[in-house]
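Quick notes on the structure that follows.
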Amino acid sequence: MSIFNQVVSLISDPPPSHLFELSEAGIAFAASKQTGFTEFAPGTLTASPTEDNLLRADAIASALGQIAPVSASKKRRPAAVILPDYAARVSVLDFDSFPSAPDEQAPLVRFRVKKTIPFDIDSAAVSHYVQPRQAGKKVEVVTVTVALEVIARYEALFRSSGYHPGVITTSALAALNLYRGEGVAVLAKLTGRALTVAVISDQIVKLFRCVALEDESTEEILAVLQPTFAYVEDELASPVRRLIVCGIPPEIATQMGCESEPLRSRLGTAGPYNAGLLGYLESVG
């Protein structure tokens with residue numbers, strides 16, 4: 001079982017009956033043993049950590065209604081909602097020591113995170129996961145932060161469509177459930193203009209970043225990956241053993257000069273618009 005079953009969620013309730021992953025391209029879904037993808041018209045959703053993402057909430061609500069029409073019951077259906085990577089800020093913090101009590105952990109995490117986000121920490125939802133401590137190493141904590149204004153709009157969209165969004169996380173965090181390898185690996189996931197890169201060492205996340213690209217060119221992608229590989233060599237004293245790709249052009253892996261493989265799930269190869277959905281399904285069996 002992967003440690004990433006402990007997906008860092010902003011909100012977490014019992015396993016939901018419906019699962020949705022949103023992106024600028026559309027909405028991937030899983031419900032009643034069926035999966036699919038509904039495409040959005042351009043300009044329907046624009047991922048941003050600071051601005052309203054749902055430019056055409058009515059069109060998204062219509063898509064949700066077509067995927068699973070509102071039931072006659074007034075009870076909201078439990079749902080997991082997977083946000084675009086660029087809608088949130090995910091980081092890995094290290095501490096020499098870290099308290100065990102959650103009420104003591106939260107203020108420390110918020111204090112460290114506030115200098116790294118482009119919005120006010122007092123107007124943000126923050127969640128964190130303390131990773132297993134490696135011998136002789138610092139305590140490493142994965143954090144996810146979303147502006148309250150951004151996450152509230154997503155929650156309101158699903159509630160108005162008859163759902164209770166009891167689990168909310170981000171695409172790449174959920175997709176990490178799909179990786180089971182040992183040693184040092186880099187996950188590179190390109191979803192539209194958003195490039196997400198994660199460094200994983202023996203199932204521990206060491207680095208996580210998401211950047212918005214200008215033109216998604218090979219040169220621009222390499223400009224992110226090359227310093228990431230250099231970080232691994234300098235900080236982890238080990239070369240990258242494997243590049244795990246999702247939505248990345250094949251020539252990228254060749255130019256990085258290491259073994260590569262596509263991100264896969266038991267349901268097939270993960271794509272840029274459903275990797276989080278497949279990762280979440282993997283985590284709940």
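The values are calculated or read from the model by the stated rules, or taken from the named source; none is laboratory data. Nothing here was measured: the structure is a model prediction, and the numbers come from that model. Counting neighbours? That spans all protein chains shown, and the Cβs are built from the backbone with ideal geometry, glycine included. What goes into the accessible areas is simple: the full protein's heavy atoms, side chains included, and nothing from ligands, DNA or RNA. Shrake-Rupley method; radii C 1.70, N 1.55, O 1.52, S 1.80 Å.
Here are the numbers for the structure shown:
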{"read-out": "Residue match in the stretch 85-104 (condition: open to solvent by 90 Å² or more (accessible area, probe 1.4 Å), over 24 Å from K137 (Cα atoms) and outside any strand (DSSP E or B))", "value": "no"}
{"read-out": "Checking A198 against (1) in a helix (DSSP H, G or I); (2) open to solvent by less than 10 Å² (accessible area, probe 1.4 Å); (3) over 22 Å from P15 (Cα atoms); (4) touching a helix residue (DSSP H, G or I) at 6+ places or on another chain (Cβ under 7 Å), the condition it does not meet", "value": "(1)"}
{"read-out": "Candidate set: the stretch 21-50, residues that are in contact (Cβ under 8 Å) with a residue 60 or more places away in the chain and among the charged types (D, E, K, R); chosen: the one farthest from A275 (Cα to Cα)", "value": "E24"}
{"read-out": "Selection status of E140, surrounded by 16 or more Cβ atoms within 10 Å (Cβ to Cβ) and charged (D, E, K, R)", "value": "yes"}
{"read-out": "Candidate set: the stretch 221-279, residues that are assigned to a helix (DSSP H, G or I) and acidic (D, E); chosen: the one least open to solvent (accessible area, probe 1.4 Å)", "value": "E251"}
{"read-out": "Residues of the stretch 46-77 that turn out to be assigned to a helix (DSSP H, G or I) and open to solvent by less than 100 Å² (accessible area, probe 1.4 Å), as a count", "value": "9"}
{"read-out": "Residue within the stretch 273-285 that is at pLDDT below 95 and more than 15 Å from the chain's Cα centre (by Cα) present", "value": "yes"}
{"read-out": "Any hit, the stretch 168-182, residues being free of Cβ contacts under 8 Å to residues at least 24 places away in the same chain, open to solvent by 10 Å² or more (accessible area, probe 1.4 Å) and touching an Asp or Glu at 6+ places or on another chain (Cβ under 9 Å)", "value": "yes"}
